[in-house]
Ligand SMILES: Cc1cc2nc3c(=O)[nH]c(=O)nc-3n(C[C@H](O)[C@H](O)[C@H](O)COP(=O)(O)OP(=O)(O)OC[C@H]3O[C@@H](n4cnc5c(N)ncnc54)[C@H](O)[C@@H]3O)c2cc1C
């Protein structure tokens, strides 16, 4: 086994996903303790240029038409053959729809340990945030290649970016002609009345809003700020807002200039959709809410005590 830390680079429709940069930053921490290199694993078709800003010592690149966009069967076969051939110390995946799909099946197929929801590497230990951030768990690398899924929160995306393109080594994908799952095409989610992925200011409401009638307060705030409202999944599941307003794994990915999170705990499935926001301001009563880990500014406060003075201030401004 070598001591290198691999990162499966996620990309969608020609764009690297932020989680890839976050994983490269984490891999750097982990490689320092193993004494190995940080290696990006990029699968695609005519996609070598995507490696340019990856902060990796090296990128292994496999080019194949079946790898043009993510398709689980093609990814599984290619990553499995790479692991078996080169036996890295660990391989990091996003705790995303793509990464969780590949990592969990690889763990079963190759009998390798899987550490999930890792948020930070500390002195070679993997720190996982589980049960929506209510429990922190510490794990160590296994003696075989360890599979790890990462959630945002512990590293900034910029820490995984570099101006100097990494060295690229191409490798052959295995035979990919008998795939059981292939991509037929994309179905873009309905944007409904407003396309929240294009908004610059979002006021996001979570279960902390308590009752449907209180949504009005958030709407008023959004109007003052020149933005619009969006929500965590429980709000949409209640039928209080349409699915087009949902942020996260099952909803939209947003990157506004300002994301004001009101009464949102910051569960990984929510954070997946908003971690790339330029500025995150979180208001939450619970000082241990994981949303504070990724917030630019965190306010530990009862939202209902804050909203009226805030609206008054905005009215006077
Ligand atoms: C497969 C799968 C997919 C999922 N996809 C998504 C998704 O796309 N998007 C998504 O959001 N979730 C998704 N979820 C659900 C996710 O796991 C969380 O359950 C959800 O994000 C929690 O929403 P929340 O933060 O609003 O609620 P909670 O976790 O209940 O948090 C409410 C927060 O409000 C705070 N609060 C309460 N009252 C106040 C107050 N008066 N003032 C200030 N703070 C207050 C509390 O301290 C708490 O932190 C998914 C789950 C699964 C299993």
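The values are calculated or read from the model by the stated rules, or taken from the named source; none is laboratory data. Everything numeric here is computed off the predicted structure, so don't read it as measured data. Cβ: placed from backbone, ideal geometry, glycine included. Neighbour counts: every protein chain shown.
Among the numbered conditions (1) within 16 Å of the ligand (Cβ to nearest atom); (2) crowded, with 21+ Cβ neighbours inside 10 Å, the only one that residue 211 does not meet is (2). In segment 237-246, the residue that is farthest from the ligand (Cβ to nearest atom) out of those that are buried (at least 17 other Cβ atoms within 10 Å of the Cβ) and under 21 Å from the mean Cα position of the chain (by Cα) is 244.
Within segment 293-305, being within 8 Å of the ligand (Cβ to nearest atom) and either touching a strand residue (DSSP E or B) at 6+ places or on another chain (Cβ under 9 Å) or at pLDDT below 90 (or both) holds for 301, 302, 303. Residue 231 meets each of the listed conditions (1) within 30 Å of residue 118 (Cβ to Cβ); (2) modelled with pLDDT under 95; (3) touching a strand residue (DSSP E or B) at 6+ places or on another chain (Cβ under 6 Å) apart from (2). How many residues are within 7 Å of the ligand (Cβ to nearest atom), without any contact (Cβ under 8 Å) to a residue 60 or more places away in the chain and surrounded by fewer than 24 Cβ atoms within 10 Å (Cβ to Cβ) when one looks only at segment 247-271? Residues flagged as within 7 Å of the ligand (Cβ to nearest atom), without any contact (Cβ under 8 Å) to a residue 60 or more places away in the chain and surrounded by fewer than 24 Cβ atoms within 10 Å (Cβ to Cβ) within segment 247-271 amount to 3. Restricted to strands (runs of 3 or more DSSP E) entirely inside segment 1-120, those with at least 3 residues that are over 15 Å from the mean Cα position of the chain (by Cα) and modelled with pLDDT of 95 or more are 38-44, 58-63.
Tell me, yes or no, whether segment 272-287 has at least one residue that is buried (at least 22 other Cβ atoms within 10 Å of the Cβ), farther than 16 Å from residue 231 by Cβ and more than 9 Å from the ligand (Cβ to nearest atom). Within segment 272-287, one or more residues are buried (at least 22 other Cβ atoms within 10 Å of the Cβ), farther than 16 Å from residue 231 by Cβ and more than 9 Å from the ligand (Cβ to nearest atom).
Yes or no, residue by residue, for (1) at pLDDT 90 or above; (2) outside any loop (DSSP other than H, G, I, E, B):
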{"site": "137", "(1), (2)": "yes, yes"}
{"site": "143", "(1), (2)": "yes, no"}
{"site": "147", "(1), (2)": "yes, yes"}
{"site": "153", "(1), (2)": "no, no"}
{"site": "159", "(1), (2)": "yes, yes"}
{"site": "164", "(1), (2)": "yes, no"}
{"site": "175", "(1), (2)": "yes, no"}
{"site": "181", "(1), (2)": "no, no"}
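Results for (1) farther than 18 Å from residue 152 by Cα; (2) buried (at least 18 other Cβ atoms within 10 Å of the Cβ); (3) in contact with a helix residue (DSSP H, G or I) (Cβ under 8 Å, 6 or more places away or on another chain), shown as yes or no for each residue.
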residue: 2; (1), (2), (3): yes, no, yes
residue: 21; (1), (2), (3): no, yes, yes
residue: 24; (1), (2), (3): no, yes, yes
residue: 40; (1), (2), (3): no, yes, yes
residue: 45; (1), (2), (3): yes, no, yes
residue: 64; (1), (2), (3): yes, no, yes
residue: 78; (1), (2), (3): yes, yes, yes
residue: 87; (1), (2), (3): yes, no, no
residue: 93; (1), (2), (3): no, yes, yes
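Restricting attention to segment 122-142, the residues being touching a residue at least 40 places away in the same chain (Cβ under 8 Å) and under 18 Å from residue 2 (Cβ atoms) number 2.
Before we move on, is residue 290 touching a strand residue (DSSP E or B) at 6+ places or on another chain (Cβ under 9 Å) and over 21 Å from residue 210 (Cβ atoms)?
Working: touching a strand residue (DSSP E or B) at 6+ places or on another chain (Cβ under 9 Å): yes; over 21 Å from residue 210 (Cβ atoms): no.
Here the answer is no, as residue 290 does not meet what is asked.
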